[in-house]
1. Would you pick out the residues in segment A:87-122 that are touching a residue at least 60 places away in the same chain (Cβ under 8 Å), surrounded by 18 or more Cβ atoms within 10 Å (Cβ to Cβ) and assigned to a loop (DSSP other than H, G, I, E, B)?
2. In segment B:154-175, what residues are assigned to a loop (DSSP other than H, G, I, E, B) and within 14 Å of A:Arg71 (Cα to Cα)?
3. Among the candidates A:Val328, A:Val280, which residue alone is in contact (Cβ under 8 Å) with a residue 24 or more places away in the chain, crowded, with 24+ Cβ neighbours inside 10 Å and not basic (Lys, Arg)?
4. Name the single residue that is farthest from ligand 2 (Cβ to nearest atom) among those in segment A:463-488 being out of contact with any Gly (no Cβ under 7 Å at 6 or more places or on another chain) and closer than 16 Å to A:Phe504 by Cβ.
5. Please verify whether segment A:266-273 includes one or more residues that are assigned by TED's automatic domain parsing to the domain that holds A:Val365 and outside any helix (DSSP H, G or I).
6. Is it true that some residue in segment A:336-353 is within 15 Å of ligand 2 (Cβ to nearest atom), under 29 Å from the mean Cα position of the chain (by Cα) and assigned by TED's automatic domain parsing to the domain that holds A:Met173?
7. What are the pairs with Cβ atoms under 6 angstrom where one residue, in segment A:255-266, is more than 7 Å from chain B (Cβ to nearest Cβ) and the other, located anywhere, is among the small types (Gly, Ala, Ser) and not in a loop (DSSP other than H, G, I, E, B)? Sequence gap at least six, or different chains.
8. Exactly one of these conditions fails for B:Val29: (1) crowded, with 16+ Cβ neighbours inside 10 Å; (2) facing chain A (nearest Cβ under 7 Å). Give me its number.
Amino acid sequence: MMAAKIRQPGWYRALAFSILGVLVCLGLSTGLRAAFSVDPVYDGESVLQISLLMVPLFFLGGIGCFDYWLRWASGRTVVDDHADHGAKSWRDYFKVNTDHKVIGIQYIVVSFFFMFIGGLMAMLVRAELAAPGRQFVDPNTYNGIFSVHATLLIFLFVIPVFAGIANYVIPLMIGAPDMAFPRLNALSFWMLPVAGVMMLLSFLAPGGSFASGWTAYAPLSVDAPIGQAFFTIAVQFAGASSIATALNFLVTIITMRAPGMTFFRMPLLVWANFSTSLLVVIATPFIAASQFMVILDRALGFNFFNPSGGGDVLMYQHVFWFYSHPAVYIMMLPGFGIISEVLATRARKPVFGYRMMAFSLLAIVLLGFTVWAHHMFVSGMSDWIRIPMMITTAIIAIPTGIKIFSWVATLWRGVLKMDTPMLWATGFIAMFTLGGISGVMLAMVPLDIHVSDTYFIVAHIHYVLFGGSLFTIYAGIYFWFPKMTGRMFNERLGKLHFWLTFIFFNITFAPMHLIGVQGMPRRVSDYAEQFATWNMIISLASFVVGLSTLIFLYNMIVSWRSGPKAGANPWNSLTIEWQVSSPPPIFNFDAIPSVVGGPYEYGVPGAVHAVFDEAEPEPVAVGAGASASEAD
Amino acid sequence: MEAASIPSPVGHEGEHHHGPPIANQSSRVNSEVLGILLFIISEIMLFGAFFAAYFFIRVVSADGWPPGEGLPVAVAGINCAILLSSSVTMHWTDVSAKRDNQMAMRIGIVTTFLLGLTFLFIQINEYLHLGFTPETSASASVFFGLTGLHGAHVVIGLLLLWMSAVRIFKGKVGPDHHRGLEVPGIYWHFVDAMWIVVFTTIYIL
Ligand code: HEM
Ligand SMILES: [Cu+2]
């Protein structure tokens, strides 16, 4: 009984493999140390670091991510019978599944799980900052809390939740039965919980969690206690996950579009994820490299960032920001796509300047690689880099501005339906514009030098990431909720959620501009008496934001279970995902639709985006075509 | 109004089980080949970041180069030749697969694999006789970082070649079934090409 369970892919085997993995790492560490006669032979930190790298692989193997490939690699004939495609009960969501719709929901739910944990940490940060002096936690713990907060929300929420939404929607939108590589897709997903759990486990490490911010600057991160290794390695798994998904999106979008779906008939969400995926594939290896170097410095005594050995500390920042500036667009472009979908549908108008919208995405991708050092104006890098970076940063605001103006023009004279998705979308436009403005201000070297490392930066990043990314995420979740669940959410609760968040978001973050300019430093658990009043107001407001999130959670859970049935196309949208049932059939389509027009021809009489052939008669033999495809 | 002009939603609750519809092929590029090419772009960027480290440490902070008492250029040069010839045999294997020449395919893949293994062996041997370690200096770290990263890619490449070899020997590769050889092959060519860049920047320049 037990043995049979352990042989099958699943949680039992994952547990067994993980334990085995720890033992292997123990053997590896002591064995190697003995071979090179390092004393002492047993070293806990060494075992831990090797385990952090390897045990996840054992876990992934145990849960079943590699079974198919290993069968293939052992030279056997592998026939895909689609046994692990589609969910029949909620239990299937806890297994390796290859259906993009299941994976999309897995992604979204797991991301929101980490969002709530990360959000809780934000509440702790605000509780500590409610008054000057020490309230609850010592400075080191404080550093740990804000570091894990930012890391979780960036790497385990914003980036993957967009991948989740896109996973669900894109194959449907372009008329594909699934993603190009369904098993790689499953692997991408399963690397996420691994990364997230690892980040959380760092709190148990001796010396506390990683505490050098989400940026983990060297040499701080090289000298920090072992908790830092949890960051260094978890980020590798999160990064590998997003590279694999990005590659999958690109191949899917390039090779699997329905007949007639030319690039300029693709919905902008598809364009947005296409651009994002390019960014991911090109930029993410840089953060991987930066963390490889940190781990080499930490564990094996390399000298990349050790000045006394000739290393270069600033090099970390260059490599890190060469990823992390593009990464801020990785965290924003998919949201741009969501907004275009929601606005066009809810304003009943074609997106204004469709082609400019697509081209400006590509422009952002290109320009995004030319601005990284605007994060380093005060780092001590060569002075001559500053002005070029200031100019390129100002230039990148142009394509961003084009998008904002196009959205406003889309709204202009539209028949606006101000329901929940639309509220979030319009709220986004306002908030993101403010964040963009503070961004351009920060690009100006003199101003940036003045407000560097102050709460002005915190204000900027939250206007773009919360008012920007998160608002688009909410818009998207509300918008596609009926498609994913087949049910409608509660509109009144949705509106309440929006207004509470919108108002108290602004009370929380707008004053940060002010106290930032006055010099309140970021990433410090204490501050001068003069900032006390504002901080109290900010903390109180932030708690309301936190509470409003519970309304969202309640609404989602209750509506999913017992909301009114939504129907296939509650928003009267033209794009393909709305032309199939809600939730969609297990293989998306009976026959691939043909695309005959643009995606946003709202208000054009008789306009159609895609047509469906009458469903073909039942295929003669099960196993014809793709269902029995054998891998080469 | 506009939505009404769309044929009624095709939906069914999955009452009968059948496979997915066959996806439309919207590009002439094969998806596996495109996938590996994109992955190689990622890999190039990974190397790029290590080259950035090389640049900063060698040029910007001018830590002395080369690390130690000069690098064994001749050995590395021989290694270069070995890896390049393995690319040739790899290509030959590929061509044989398309011609369904099973014998040539087997010889080709085994030779390629052994050449790769030899490269790795020589590289490790070189490491042991260099006279410096990563702890010696930043340039030494860069040396080990770049060559080690490349070495790791050789290992991955060899694993992939191993899988292809298994399938070849089981007779599963032929003119209609050669992606499982072609894709590892493309990766192998990348690993070889990358060595030329690493070799030039580390040993020659
Ligand atoms: C027009 C658009 C934007 C411009 C011109 C801009 C400019 C800047 C500049 C110059 C900084 C450096 C401030 C400093 O550290 O001294 C900065 C920081 C930052 N920006 Fe933006 N930004 C823009 C949009 C965005 C977007 C869309 C996001 C994310 C969705 C974002 C996220 C961030 C983050 C996270 C930081 C802080 C990094 C840290 O922790 O140090 N920005 N931005
Ligand atoms: Cu930036």
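1. A:Val96, A:Asn97, A:Thr98, A:Asp99
2. Matches in segment B:154-175: B:Lys170, B:Lys172.
3. A:Val280
4. Looking at the filtered set, the residue picked out is A:Tyr474.
5. Looking for residues that are assigned by TED's automatic domain parsing to the domain that holds A:Val365 and outside any helix (DSSP H, G or I), one finds at least one in segment A:266-273, hence yes.
6. no
7. The qualifying pairs are A:Gly260/A:Ser594.
8. Looking at each condition in turn, B:Val29 falls short on (1).
The values are calculated or read from the model by the stated rules, or taken from the named source; none is laboratory data. Quantities reported herein were computed from a predicted structural model and do not represent experimental measurements. Here Cβ is always computed from backbone atoms with ideal geometry, including for glycine, and neighbour counts include all displayed protein chains.
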